[in-house]
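The block underneath contains the structure these notes are about, expressed in structure tokens.
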Amino acid sequence: MAATTAQPQIGKTGAGNLASRRSLLAVVAEKAITGWIYLCGALSVIFVAMIFLFVLKEAFPLFREYPIGNFFAGIRWDPTGTPEKFGLVPLLLSSVMVTLGAVLVAIPLGLMTAVYLAEIAPAPVRDIVKPAVELLAAIPSVVLGFFGVTILAPFLAKVFHLDIGTTMLAGSVTLAFMAIPTIATISEDALSAVGKDLKQGSLALGATRWETIRRVSIPAAFSGIIASIMLGIGRAIGETMVVLMVTGSGVGTSLNTIMTEPLRSFRAVFSAYGEICNTITATIASDMGEAVVGSAHYHALFLLGVVLFVITFIINLIADAALRKGHLQQ
């Protein structure tokens with residue numbers, strides 16, 4: 001009788017030990033996975049810091065060889081001239097104007113796409129269109145560059161009666177195609193995350209569907225939309241192949257007028273989009289193969305990389321701050 005009553009107790013003890021072992025394994029596995037995630041995050045930060053320090057180390061010798069004020073305020077980039085001139089202003093101005101043109105095209109198209117997918121499109125249509133929009137981000141930039149050179153540039157030259165096709169305008173429109181998927185996808189996610197009770201409450205109060213989208217959904221998702229726009233800007237300003245292939249290489253007459261004659265700059269801005277330009281990324285890509293290692297030209301290109309790194313870092317900080325603000329409001 002005693003042996004009979006002992007067997008269930010042994011069984012319960014064995015089951016308890018098995019459960020405790022599984023619980024211990026689960027805790028160990030959870031800690032291992034958490035540690036691996038923290039390690040990957042730390043390594044990412046370390047790698048970015050090491051890349052920045054390397055670029056800064058290669059750029060620093062320029063401070064001893066070339067007046068740093070002439071670099072940041074110079075309006076000519078002429079590494080083959082006598083004397084050499086490494087002016088940041090035309091390259092930075094070209095990058096800003098090309099990116100601004102791309103954003104002016106990408107924001108309306110990206111937001112309209114996001115609103116359609118999140119608020120209007122039926123589920124079967126959304127299941128097809130959304131992956132198609134996201135697939136645009138996977139197209140290699142060199143493919144978009146060929147599209148810009150062979151199709152878009154001649155088309156714009158014919159429509160706007162431009163002397164050449166490879167212009168700042170062609171670069172802006174091509175970059176817009178690269179920024180649209182980022183803006184549309186993140187904005188659509190932000191709009192989809194808006195609570196249904198807000199939308200239903202608006203409709204119950206008598207607002208139309210479009211009034212609800214304009215006055216409820218978009219304001220509620222505004223931080224996510226701003227983040228998508230900033231990330232789209234970061235994608236555009238850091239692009240290399242498209243601007244290298246489509247925008248030409250040089251400083252147009254109107255761009256030179258903007259730098260040298262500020263009073264005429266407003267008028268020259270519009271004509272500058274019909275001329276060639278030379279962005280920071282395109283300059284680095286085109287000049288690095290010709291620059292002699294250790295020369296002033298070589299170090300100036302790395303300093304351009306530092307400037308571009310700082311710009312993209314600031315843009316990503318702004319986007320991250322917008323996302324954090326949106327999470328806190330929710």
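Readers should treat all values here as calculations from the given coordinates under stated rules, not as data from a laboratory. This one's a predicted model, so the numbers in the text were calculated from it and none came from an experiment. Note: ideal-geometry Cβ built from the backbone for every residue, glycine included; neighbour counts use all protein chains shown.
Give me the extension gain from ALA29 to ILE139: residue separation times 0.36 nm, minus the current Cα-Cα distance, reported in nm with one decimal. Each step should come with its number before you reach the end.
Details: separation 110, 0.36 × 110 = 39.60 nm, distance 3.81 nm.
Value of the extension gain: 35.8 nm.
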Exercise. What ranking do 167-176, 131-140 get when scored by the average of other Cβ atoms within 10 Å per residue, highest first?
Worked result: 167-176, 131-140
Exercise. Which Cα, out of SER192, ALA42, LEU144, lies furthest along the positive dipole direction of the chain (beta carbon charges, K/R +1, D/E -1)?
Worked result: SER192
Exercise. Taking H as built 1.01 Å from N, whose amide H comes closer than 5 Å to the amide H of MET288, not counting residues under 5 places away?
Worked result: none
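Give the calculated FRET efficiency between VAL125 and ILE151 to the nearest 0.05, with a Förster radius of 22 Å applied to their Cβ-Cβ distance. Working shown, then result.
Values: r = 28 Å, r/R0 = 1.25.
FRET efficiency, VAL125 to ILE151: 0.20.
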Exercise. Taking 1 over the mean of 1/r across every pair of different Cα atoms in the chain, what Kirkwood radius in Å do you get?
Worked result: 23.6 Å
For this session: Could you tell me how many degrees, from 0 to 90 and to the nearest 10, lie between the Cα long axis of helix 168-192 and the main elongation axis, the longest principal axis, of the Cα atoms of the chain?
Result: 20 degrees
Exercise. How far is helix 89-115 tilted, in degrees, relative to the longest principal axis of the Cα atoms in the chain, given as a value from 0 to 90 rounded to the nearest 10?
Worked result: 40 degrees
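With only Lys, Arg, Asp and Glu charged, each at its Cβ (+1 for the first two, -1 for the last two), find how big the charge dipole of the chain is about the Cα centre; round to the nearest 20 debye.
With Lys and Arg at +1 and Asp and Glu at -1, about 1120 debye.
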For this session: Report the paramagnetic label zone for THR253: residues of the range 266-287 whose backbone N is under 18 Å from a point 7 Å from Cα along the Cα-to-Cβ axis.
Result: 266-278
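Work out the FRET efficiency for ASN70 and VAL269 from their Cβ-Cβ distance, taking R0 = 22 Å, and round it to the nearest 0.05.
Numbers: r = 25 Å, r/R0 = 1.14.
Taking R0 as 22 Å, the efficiency between ASN70 and VAL269 is 0.30.
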Seminar exercise, completed: Of every Cα-Cα pair in the range 176-310, the percentage lying beyond 17 Å is 72 percent
Seminar exercise, completed: Within the set ARG235, ARG21, ARG267, GNM on the chain using Cα springs under 10 Å gives the largest fluctuation to ARG21
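Kirkwood hydrodynamic radius, computed over distinct alpha-carbon pairs, for the range 27-88: how many Å, to one decimal? Mind dumping the intermediate values first?
Details: mean 1/r = 0.0666 Å⁻¹.
The answer is 15.0 Å.
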Exercise. Looking at the range 117-242, what % of the alpha carbon pairs are farther apart than 20 Å?
Worked result: 56 percent
